[in-house]
Every structure is written in structure tokens, then in C-alpha cells.
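In what follows, a single structure is set out as C-alpha cells and then discussed.
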Amino acid sequence: MFRSLRRALCAAAAALLLILAGVGAQTVHADPAAPEDRAAAPGAGYWHTSGRQMLDAAGQPVRIAGINWFGFETANYTPHGLWARDYKSMIDQMKSLGYNTIRLPYSDDLFKSGTVPNSIDFSGGKNADLQGLGSLQIMDRIVVYAGQVGLKVVLDRHRPDAAGQSALWYTSAVPESTWIANLKALATRYKGNSTVVGIDLHNEPHDPACWGCGDTTRDWRLAAQRAGNAVLSVNPELLIFVEGVQTFNGVSGWWGGNLMGVAQYPVQLDVPNRVVYSAHDYATSVAQQSWFSDPSFPANMPGIWDKYWGYIFKQNIAPVWVGEFGTTLQSTIDQKWLAALVSYLRPTGTYGADSISWTFWSWNPNSGDTGGILKDDWTTVDTVKDGYLASVKAPGFPSGGGDPGDPGDPGGGTAACTAAYTVSSDWGGGFNAEVKVTNSGTVALKSWKTTWTWPGAQKVTSMWNASYTQSGSTVTAANADHNGALAVGGSASFGFGGAPGGGGAPTVSCTAT
């Protein structure tokens, strides 16, 4: 209804640059430079939620203040602009402007064997380490470099295929089973790399999608629960970003922007504290809405946002992330809209991380009805548009990351870990418990060891995924061969049985190497 033109992609111009892909270049690896020591900065490791806030692995509040960089979801199968610039210089510029997170849209075409990324310039050494790679391997490189410079990444399942957006999360060509299988594949691919902080399950569900209607073929809330649980079954550390729908109880809004149903029908996942609700909001350069012609505009806008999605934040239900908002800024109405929205997002100088998170649409200049932070040369910054966002930008995050599945760079940082002890069952005569070890330092770990002391006469009777010794009431448990290596923010768990029960959960210390 609203968004038929926004994904103008300049495909013809991009295709003309295909000849550049033939320029030979040596394949190189991602820069191995050791990150600066920023262990105290918020954002390290994986994140979770508590009320309306997102918290890092150490429990510090964090805020996404980022940018959308699209292209993986198009027939180029790679982020746009690589026909003009090196991807690392692009990410460096994002960081220099104060954006701390990249939302990366993709389509399920990336998982097809015949998908080949195109329109990448390899001349003059640009994008040298992308040459010969498939689309998912290019995504790997972007994730690695983003993590190295201190940015987080949210992956966004934007479309079922490159042809266009879909109202529902599935189509006849891409059934729900394929959608979920591909989400799980990405969650598995980046398991242990906390640069990827979460996945946006599907972009802009809209009519006939419903929220809470109970029809499993249309109820987006139920589908989000199925997909979210599937993702968490393979990577329980990720945040699950769930967008709204278009219409709830006869009240319509932007595609993906109506979260009114959350009050009655919240998304409930098997892993607690993982849901972030995502709204999209736009100005008149995308489409007209009734509130733009209200005589009280723009004073009416906070009430509009409260109704559709802001109440979730204000009532401390869950974090809210405005995953897309943008405008060409050509009309006075749009200028007033953006100023009002930025104020509503709660300026960082006043509220810090206790604010609504966001990723602006878009970095790309070739978004047909919004334009981008970059101008058409893919280098010059639209300082007016970027300037509107200055008050809500937020600090970056600790540098880290590494190749997916790679424990990372072992040099130049602090090795540290934390451990959390949970009793899963206690029947008086005995009990079962689990200890979760998390790499809370700034370098990958080779091994770890935990120690705790029970206040009573408890003894370990069996242990799995770790080895142990017990002296009196003090237990020392060390990693097994298969789970000692932990990437920054990564975690491993071990379990054990003990007797007698009733011992509670002692404090556990963790030592890392």
C-alpha cells in the first residue's frame, strides 16, 4: 500500500559496472589489527533485555543508534555502493559519523546455490578480500570488519527473494519451512560471534497479516514465535527483533509499524529476555497519512507514536527499536516530522541508553523515496540529514569479533569470564544444576575454570561437559576439550547432578586463559 517505490535500486547503472569485477586482485584476509582496549565500554558480548532496556553481557544498558545498508536483498546480492568504494572504507565512515550498528537486509536468495554477487569494483585494490566469494561469505567479511571497528550488526530478513517485498513471511516459492531453515542457518553461522547481536525476522508484514487473530496462515505474532524459538534453539544468545503489522482491530498504519496488538498478545519465546519490538515510521516522501494533515501537526505525532508502538517503551514492556525511518527532507512537513521523531526518541545527552533504539533508512543514496545519508557519489555526506540525528546518536561498542566459528585474535586484550549457576531441579534428596560460562573479556579464550563453595554438605555425583575436583565443600570445574575456546561474548554451559538438595545457588568465580 505504501512502499511500492522505495526500493529503487539503480540496477541498470550497477550492471554497467560488472566489467569491473574482472580486474584481478590478490585475495587477502581481514585486517588483524588488535582493537583498542575498551573493556569498560558498554556493549561487550551478547545482549539481553530487561523491561524496556537492552543490556550487554555485563548488565550495562546499551542503545542501538545505527544505519540501514541495503543491497543483499536485491539482485546484486551484496550491499550497494561496492561498485564505487571499498566496503571497509564504507564501514569506517559509518563509525566516524557516530553510527554504532548496521542493519543488513537480505533475501532468501542468498542461500541458493546459483546466487552470484555482482557489481563490485575490484580495481585499485578495492574490495580485494571479497573477490571470488559468495554472498554469505561477503556477509561474513562485513560482520568481521564491523566487529573489529566496534559496530554491531542486526541481520534483517527483508524479502523472500530479490523480486520484492511480501506481505506475509512466506510465499508459494519460499514456504515457512524455508524461511525458518534459513534463519536457523544464519543463527548457527554466527554463533559465538557477538557482533551479530540479533535477527529481524521479517520486514514489514502487512495486510492480510494480522496480530493475535489466531489464523496460523496470517497471524504474524504466532509466526514470530515459531521462528524466534527456532533461532534460539540453535543460538540462544541472540535478540529476536519482531516488527509490527499494518492493521490491528481495524486501525491501520505503516507496514510493519503497528504494534498495538502487543498489549494483548505479546510475543512469548522459550528463552526469556530476548524480544525487541521493531516499528517502521516514515514521512510524506514515502506516503501520505491522515496525521500529516491534522491541524495540530506536528504536536499530534507523539500521541500517534504512543498509540502504535511507543507505549511498549513507556510501559516498560520491552525495548523498542525503530528499525526504519527516513525522508528526502524536501518538504516542510517532512522536516517537522523528523525533528519531532528525533525528540521522541529521547536525546542521548539527557536520557543516555534509556531511550528508544533506531536504525535510519538509509545509508544508501539510491533509496527512491528517502535518499540516504550519502549523496549520489556514495562518498559525500548529506550533512543536513545526518545533522538531524546528531542528538540521538550513541556511543560505539568494544571492538571484537572474528571469523564465524573462529575464536578470534588471541593477542592484545583482557581475558576474563563470568559464570552463572542455576538450579534446574531439586527434589530434596538430590538436585541438578547448570553453570553458564561467558567470555566477558576483550580477547578469545582458550580455556576456563570455575570455582564455588557450597554452604552445606553437597557433593557432585556426576558432571557433563566439564571435568571437576571437589575438596570439602569447594568444587572446581574446568572446560572439556570441546568447549574451552570461547569468542568474545561467547558462552558454554555444563551441567551436573549433586546430593543432597536444598543447597541453593552459590556464587561462582571464573578464571580464563
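The values are calculated or read from the model by the stated rules, or taken from the named source; none is laboratory data. None of these values were measured; they are calculated from a predicted model. Because the Cβ atoms are built from the backbone with ideal geometry, glycine has one as well, and the counts that use them run over all protein chains shown. With ligands, DNA and RNA removed, areas are computed over all heavy atoms of the protein, side chains included. Shrake-Rupley method; radii C 1.70, N 1.55, O 1.52, S 1.80 Å.
Any residue in region 297-317 that is under 21 Å from Arg226 (Cα atoms) and either in contact with a Gly (Cβ under 8 Å, 6 or more places away or on another chain) or open to solvent by less than 10 Å² (accessible area, probe 1.4 Å) (or both)?
Yes, because at least one residue in region 297-317 is under 21 Å from Arg226 (Cα atoms) and either in contact with a Gly (Cβ under 8 Å, 6 or more places away or on another chain) or open to solvent by less than 10 Å² (accessible area, probe 1.4 Å) (or both).
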Considering only residues that are part of a loop (DSSP other than H, G, I, E, B) and open to solvent by 30 Å² or more (accessible area, probe 1.4 Å), which ones fall in region 256-268? Gln264, Tyr265, Pro266, Gln268
Residues of region 57-90 that turn out to be under 16 Å from the mean Cα position of the chain (by Cα) and either of a type in the set (A, V, I, L, M) or modelled with pLDDT under 95 (or both), as a count: 5
Residue list for region 468-501, restricted to those being surrounded by 14 or more Cβ atoms within 10 Å (Cβ to Cβ) and outside any strand (DSSP E or B): Ser473, Ala480, Asn483, Gly484, Ala485, Ala487, Val488, Gly489, Gly490, Pro500, Gly501
Checking the condition in contact with a Lys or Arg (Cβ under 9 Å, 6 or more places away or on another chain), at pLDDT 85 or above and either among the hydroxyl-bearing types (Ser, Thr, Tyr) or under 23 Å from Pro42 (Cβ atoms) (or both), which residue from Ala499, Ala420, Ala416, Ala477 passes? Ala420
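Looking at region 161-219 only, could you name the residues that are in a loop (DSSP other than H, G, I, E, B) and among the aromatic types (Phe, Trp, Tyr)?
Those that are in a loop (DSSP other than H, G, I, E, B) and among the aromatic types (Phe, Trp, Tyr): Trp169, Tyr170, Tyr190, Trp211.
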Selection within region 279-305 - outside any loop (DSSP other than H, G, I, E, B) and either among the aliphatic types (A, V, I, L, M) or on the phi > 0 side of the Ramachandran plot (or both): Ala279, Met301, Ile304
Quick one: is Ile333 open to solvent by less than 10 Å² (accessible area, probe 1.4 Å), assigned to a helix (DSSP H, G or I) and either among the β-branched types (Val, Ile, Thr) or without any contact (Cβ under 8 Å) to a residue 40 or more places away in the chain (or both)? no
Wholly enclosed strands (runs of 3 or more DSSP E) of region 34-110 bearing at least 1 residues hydroxyl-bearing (Ser, Thr, Tyr): 48-50, 101-107
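Do you know which of the residues in region 154-165 that are open to solvent by 10 Å² or more (accessible area, probe 1.4 Å) and touching a residue at least 24 places away in the same chain (Cβ under 8 Å) is nearest to the chain's Cα centre (by Cα)?
So the residue we want is Arg159.
Condition check: closer than 27 Å to Val62 by Cβ and touching a His at 6+ places or on another chain (Cβ under 6 Å). Does Asn229 satisfy that?
It is false that Asn229 is closer than 27 Å to Val62 by Cβ and touching a His at 6+ places or on another chain (Cβ under 6 Å).
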His29 meets each of (1) within 20 Å of Leu238 (Cβ to Cβ); (2) surrounded by fewer than 22 Cβ atoms within 10 Å (Cβ to Cβ); (3) at pLDDT below 95; (4) in contact with an Asp or Glu (Cβ under 7 Å, 6 or more places away or on another chain) with one exception, condition (1)
What's the total number of residues in region 119-144 that are closer than 25 Å to Trp47 by Cα and either open to solvent by 20 Å² or more (accessible area, probe 1.4 Å) or assigned to a strand (DSSP E or B) (or both)? 4
Per the filter on region 286-299, residues in contact with a helix residue (DSSP H, G or I) (Cβ under 6 Å, 6 or more places away or on another chain) and closer than 16 Å to Gly253 by Cα are Trp291, Phe292
List every residue pair whose Cβ atoms sit under 9 Å apart, with the two residues 6 or more apart in sequence or on different chains, where the first one lies in region 52-64 and is under 16 Å from Ile317 (Cβ atoms) and the second, anywhere, is of a type in the set (Phe, Trp, Tyr) and not in a strand (DSSP E or B). Arg52/Phe313; Met54/Trp47; Leu55/Trp47
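Residues checked against (1) modelled with pLDDT of 95 or more; (2) open to solvent by 20 Å² or more (accessible area, probe 1.4 Å):
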| site | (1), (2) |
| --- | --- |
| Ala185 | yes, yes |
| Gly192 | no, yes |
| Val196 | yes, no |
| Asp200 | yes, no |
| Thr216 | yes, yes |
Tyr46 - would you say it is touching an Asp or Glu at 6+ places or on another chain (Cβ under 9 Å), hydroxyl-bearing (Ser, Thr, Tyr), open to solvent by less than 30 Å² (accessible area, probe 1.4 Å) and within 23 Å of Val381 (Cα to Cα)? no
Odd one out for Asn465 among (1) at negative phi; (2) touching a strand residue (DSSP E or B) at 6+ places or on another chain (Cβ under 7 Å); (3) open to solvent by 30 Å² or more (accessible area, probe 1.4 Å): (1)
